[in-house]
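Enquirer: Please find one structure pasted underneath; my questions will follow.
The values are calculated or read from the model by the stated rules, or taken from the named source; none is laboratory data. Predicted, not measured: the structure shown is a model, and the values here were computed from it. Neighbour counts are summed over all protein chains in view; Cβ atoms, including those assigned to glycine, are modelled from backbone coordinates with ideal geometry.
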């Protein structure tokens, strides 16, 4: 996918992640926040024809290493598209809330157990100050958990994101108010481990 970028279809209905994520939150998150990032990215990229053939991942890596004008604005818009797309794809109403196959082996190898992974990921997510994301990434032949502010991504580390959670208030506040920890705990119930495993298998 390259310019002009088109919003991905939400891979489930708006109410299918309830009771963990409400249809109201998902409606605004997908239709208002995510789609506004897609519109913003296309609007900004219109001024840079030389970037039109780059994929979203290529675009972010290129911009992060360049001195292009409007660098921060472009990275913010591109990151907003990338992070939201991964977030939506990594959730599912199918209640496949436990990893299997290659990703389970890798989690146990890198974190000791799935429980340890959940504990570490939860601590990272609850300790993040302000808005941002927490990712499970693959880098240097191992898994790691990293945090990032705003719409930054780990792609320029370089590291490949496999799974992420959105910690911006718009991802949870309408339902959970100031109880961010409850949102994080409940989010584990809707992780699409089948998708995460396929994603991991293609890059490991």
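Enquirer: Residues of segment 133-153 being in contact (Cβ under 8 Å) with a residue 24 or more places away in the chain and within 24 Å of residue 172 (Cα to Cα), which ones?
Expert: 133, 134, 135, 136, 137, 145, 150, 151, 152, 153
Enquirer: Which condition does residue 109 not pass, out of (1) in contact with a helix residue (DSSP H, G or I) (Cβ under 7 Å, 6 or more places away or on another chain); (2) farther than 26 Å from residue 150 by Cα, if it passes all the others?
Expert: (1)
Enquirer: Taking only segment 160-203 into account, find how many residues are touching a strand residue (DSSP E or B) at 6+ places or on another chain (Cβ under 6 Å) and over 16 Å from residue 132 (Cβ atoms).
Expert: 8
Enquirer: Just checking: which of the helices (runs of 4 or more DSSP H) contained wholly in segment 136-204 hold 1 or more residues that are in contact with a helix residue (DSSP H, G or I) (Cβ under 8 Å, 6 or more places away or on another chain) and surrounded by 21 or more Cβ atoms within 10 Å (Cβ to Cβ)? Walk me through it before giving the result.
Expert: Working: elements: 173-176, 180-187, 193-203.
Output list reads 180-187, 193-203.
Enquirer: Does residue 108 satisfy being surrounded by fewer than 20 Cβ atoms within 10 Å (Cβ to Cβ), more than 18 Å from the chain's Cα centre (by Cα) and not assigned by the TED database to the domain that holds residue 160?
Expert: Details: surrounded by fewer than 20 Cβ atoms within 10 Å (Cβ to Cβ): yes; more than 18 Å from the chain's Cα centre (by Cα): yes; not assigned by the TED database to the domain that holds residue 160: no.
So residue 108 fails the test.
Enquirer: Go through segment 78-103 and give me each residue that's surrounded by fewer than 16 Cβ atoms within 10 Å (Cβ to Cβ) and either modelled with pLDDT of 95 or more or touching a strand residue (DSSP E or B) at 6+ places or on another chain (Cβ under 8 Å) (or both).
Expert: Of segment 78-103, the ones surrounded by fewer than 16 Cβ atoms within 10 Å (Cβ to Cβ) are 94-95, 97-98, 100-102.
Of everything in segment 78-103, those that are surrounded by fewer than 16 Cβ atoms within 10 Å (Cβ to Cβ) and either modelled with pLDDT of 95 or more or touching a strand residue (DSSP E or B) at 6+ places or on another chain (Cβ under 8 Å) (or both) turn out to be 97, 102.
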